[in-house]
Amino acid sequence: MSSHESNYQPTTRFGKWLDERLPVNRLVYDQLVAFPTPRNLNYLWTFGGILALCLVVQLITGIVLAMHYQPSGEEAFNSLDHIRRNVNYGWLIQPMHAVGASMFFLAAYIHLFRGLYYGSYKAPREILWILGVFIILAMMATAFMGYSLPWGQMSFWAVTVITNLFSSLDSIIPGMGTAIVEWLWGGYSVSGTTLNRFFSLHYLLPFVIAGLVILHIWALHVVGQNNPAGLDIKSDSDWVPMYPYAVSKDVVGMFAFLLIFAWFMFFLPDYLGHADNFVEADPLVTPPHIVPEWYFLPFYAILRAIPSKLGGVIAMFSSILVLVFIPWLDTARVRSAKYRPIFKWFFWLFVITCIALGYLGALPAEEPYVTYARLFTAYYFAFFLIIMPIVGIIETPKKLPGSITEDVLGPGGGKGASAGAAAAPEKR
Amino acid sequence: MTKTLAKSLGLVAVVAIAGSLTLAPASFAAGGEQPHIEHQRWPFSGIFGQYDSAQLQRGFRVYKEVCSACHGLKRVAFRSLSEPGGPQFSEDSVKALAAEWPNQITDGPNDEGEMFDRAPRPSDPILGPYKNDKAARAAQNGALPPDLSLITRARNTHNDAWFPVHFYLMAKDVFTGYQEGGANYLYALLTGYHEPPEGFTVNEGMNYNAAFPGHQIAMPNVLDGGPVDYSDGQEGYNGPASSLEQNAKDVSAFLSWAADPTLNTRKQIGWQVMLYLLITTILLYAGKRRIWAKFH
Ligand code: HEM
C-alpha cells in the first residue's frame, strides 16, 4: 500500500521547507493518517496498537525502576522492597511494570492467535509474520531476564533451571554444555554476577524489540493489512483512511484493555506472580515446586513432556521456531479460517491444547499429567506439521464474499455512492 | 463430503474434551497432599477492601506481646505504625514504643571507632531478638523463625480443585479482586495446632500443625488460649474479646498490612482510575460509532 500515491500537502512555509529536506511530516501523514485500512477490521486488529502501548509502558516504568534498583546479589531484593515502600509512587510503578509484563504477553498471544486464525501469515505477509516471531522470542528473553531481577527464590531457581538446560548439550559434545552454562553464569553457579549481566541485557533487549517493531510495522505498511475476510483491497470502497477511522477504533481497544490492566494492577498486583518470589533468593533452599510465570507454562509443559533433557530443550525451542515456517506449511488457498470449515475445528482444538499445556505446566511432573502433556505436545506439533499442510489440500473453502465491501454490506453492496465517497480520503 | 468430515471431526473433539473432563477427577484427587485452606473474609479483601485500623492495632499488640519474642519485622519502620492506612497509633505513642523496644539498633562506628547499641528511633526498623540467622537457629533448636515483614505475600494457598472447578475458583478470585491467600494460610497455621492423627509420629521438639507443609513445625502453639487480653490497659475497650481465633485473625491482618502497607491508597486510587478509564472508553466508543456511522 505504500504504492498508494502520497497526497500530503504541507500547509505552512516551514512545513514545505522541511518537506524538501527531511519529509518526516509526510511520512507520518502517509503512514498514520492517510494509510488505507480495510473497512471490515474487527477489534482483534486493535491489538497491534495495544502492543505498541504496552512496549512504551514497559520502557517508561522500567527506566524509572532502574533509577532505584540495585543489581547486586546482596541488595536487589531489598531495593525492590524499598521501591514499593519508600519511593514516591513506587507502589504504583513497580506493579505497573510487573503486571505490565503479563499484560504485554496477553496482548501478544491474542495478536498472534488473531494472525493464526485469519491467515495473516500467508503471502504476501511472510516477513511481517516472521518479524513477529522474532519479536515474541525477544520478549521471552527479556521477560526471563527481567524475572531474575527481584532476586527472590523463584527468580533464582528459574534462572538456575533454565540456564542449566544448556548443559544438555554435553550429550552432543562432552563439556560444551557445561562450558556454555558457566559462561552464561559468569562463574560456577548462579550468583550476583549472573544477576548483574542479566540486568544489563534486560535493559538492552527492549530497544532491540523496539527496532524489530519498526521493521514489523514497515513490512505491514508495504503489504497492507489483512482482514477478517482475508481478501485484498481491490477498489476504493474497500478501504478507509487510518485517521480517523482505524484510529478511533484503536483508542477504544486501548482503553478497554487498560481497564483490565488497571484491574490487575490496583486490585490484584500479586495474583499473576508467585509467592515464593517474596522470599529472598537462597542457593541452599530449593523450593518444592519451581514454576515459571504463566506465559511460559505451555512451553515448560512441552519441555518436561519429552523424556530426554536435550530432546525437551529442542522441542521447547521448536515449538516457537516452527511458527517461522507456517507461511509455507499452510497449503490453503484462502486466508481466513472463517471460510475454512475443517481447519476451524482444528484451530480451536489448538487453542484448547495451548491452554491445557499451560495448566499442565503448573502441575508437578508426575503421572498422569506427564501423559496428558505428551498427548497435547503431540497435537501442538501435529497442528503445524501435519494438519496445516493436509487440511489445506483436502478442504473445500466456503464461498468468499466478492470483495471487502460485500463482506460488510452483503452481496451487491458497496455500489452505493455514500460509502464510496466517504472512503475516499481526498473528498473528506 | 467436507461437511460430514467437519462434523465427525467436531464430534471427535467434543468426545476428546468430554473424555478428559470425566477422566480427570480421579487423578486430580490423588495428587492432593497439600492441606486444604479455607478462604476467609477480611476487611481488606476484595475490590472494596480496606484495612480496619482498630484490627491492625490489636494485631500489633499480638505481634508485640507474642511473636516479637522470636520474629523480627525488619522491613517495617516504627514510624509507619502512625502513618495513614495502617494501625495509625499516635506519633507520640510510636516514639515511646520505639524507645522502649527491647531489641536495640547496632549503630556506629563512634568517634572511638567502636560499634554500639542504642534504642531505636521512629525511623528505625522493628528488629527481632536475634542479631543474625545463626543466633536465631542456635536459640531455636536449629529452626529459623523467619522475618515476618513480607510473610503474607511470601505464602499462598493451593487450589487443588478438579480443573473446571479450578478455573471457576480462579475466575471468582479475579472478578472479586481476592488475593488474600497469604493471610488465609497464616490464619490456618496459627489455628492449625491439633492432636496428630493416629499413626503420625511427631519428632522431638516439633509440633503437629494441620496447615504447615509436612505437618511438623518447630514453632509451638503460641496463641493457645488467646494470650493477648485486648481490654487490658485500655479504658472503655469495646472490641472483640480475646481468643485463639481472634488473636490469630488480628495478627494475620496486621502482618498483611506490614507486607502491603499501601493497599488502602492503591485501591482508592484504583477506583478513581477505573472510573476514569470506564467513562473514557464509553465516550471513545460513542465517538467511534459516530465516525463510522456512514459505513453501516
Ligand atoms: C511488541 C510486539 C508487537 C507489536 C508492537 C506489534 C505491532 C503490530 C501492529 C501495530 C500491527 C498492525 C495492527 C494490527 O493488525 O493489529 C501489527 C500487525 C501484525 N502483527 Fe504484530 N506486533 C507485535 C508482535 C507480533 C507478534 C508476536 C506476531 C506473531 C508472531 C505478530 C504478527 C503480526 C501480523 C501477522 C500482523 C498483520 C496482521 C494483519 O494485518 O492481519 N506481531 N503488529
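Values in this text are rule-based calculations from the coordinates and carry no lab data. Just so it is clear, the model here is predicted, and its values are computed rather than measured. Neighbour counts are summed over all protein chains in view; Cβ atoms, including those assigned to glycine, are modelled from backbone coordinates with ideal geometry.
Odds and ends about this structure:
- Short-range pairs are left out: with C-alpha atoms under 8 Å and at least six residues apart, the relative contact order of the stretch A:29-302 is 35 percent.
- Anchor B:LYS294: aspartates and glutamates whose Cα lies under 20 Å away (excluding residues fewer than 8 positions away in-chain): A:ASP236, A:ASP238, A:ASP250, A:GLU406, A:ASP407, A:GLU426
- Prolate/oblate/rounded label for chain B (Cα gyration tensor, a/c 1.5): oblate
- Look at the alpha carbon pairs under 8 Å that are at least 6 residues apart: their mean separation over the length of chain B gives a relative contact order of 23 percent.
- Under-5 Å amide H pairs with B:HIS158, H placed in peptide plane, nonlocal only: B:ILE37
- Cβ-defined net charge surrounding A:HIS216, 14 Å radius [Lys, Arg +1; Asp, Glu -1]: 0
- Estimated FRET transfer efficiency (B:GLN50, B:GLU195; beta-carbon r; R0 45 Å; 0.05): 0.75
- Straight-distance crosslink candidates among aspartates and glutamates, where the alpha carbon sits under 16 Å from B:LYS172 and sequence neighbours closer than 8 are dropped: A:ASP270, B:GLU38, B:ASP160, B:GLU180
- For B:LYS134, a cut-off of 21 angstrom between C-alpha atoms picks up these lysines, skipping any fewer than 8 places away in its own chain: B:LYS74.
- Net charge over other residues, Cβ less than 11 angstrom from the Cβ of B:VAL228 (K, R count +1; D, E count -1): -1
- Average other protein chain Cβ within 10 Å of Cβ, residues A:268-278: 6
- Selected from B:TYR178, B:ASN238, B:ILE269, residue furthest toward positive end of dipole (the stretch B:153-287; charges at beta carbon): B:ILE269
- Helix B:263-292 axis, angle to chain B major axis (alpha carbon atoms, nearest 10°): 20 degrees
- Once backbone amide H atoms are built at 1.01 Å from N, B:VAL76 has B:ILE126 as its partners under 5 Å, excluding neighbours fewer than 5 places away on the same chain.
- Counted as membrane-span-like here are DSSP H helices of chain A whose alpha-carbon atoms extend 27 Å or more along the helix's own axis and whose Kyte-Doolittle mean is -1.0 or above; these are A:47-68, A:90-117, A:126-148, A:192-223, A:247-267, A:309-329, A:341-361.
- Translational diffusion of chain A, µm² s⁻¹ [Kirkwood Rh, Cα pairs; Stokes-Einstein; 4 °C; 1.567 mPa s]: 54 µm²/s
- Chain A: calculated mean residue ellipticity at 222 nm from DSSP helix runs of at least 4, using -39500 (n - 2.57): -19500 deg cm²/dmol
- Rounded, prolate or oblate (a/c below 1.5 giving rounded, otherwise prolate when a/b exceeds b/c) for the stretch B:66-140 by Cα gyration tensor: oblate
- Nearest-ten-degree value, helix B:163-176 long axis tilted from longest Cα axis of chain B: 60 degrees
- Spatial separation of Cα centroids for the stretch A:1-75 and the stretch A:210-285, in angstrom: 13 Å
- Computed over neighbours whose Cβ is under 13 Å from that of B:ALA188, the net charge equals -1, Lys and Arg +1, Asp and Glu -1.
- Under-21-angstrom lysine pairs by C-alpha in chain A, whenever the two are 8 or more apart or on separate chains: 16
- Centre separation in Å (Cα based) which lies between the stretch B:133-180 and the stretch A:94-172: 27 Å
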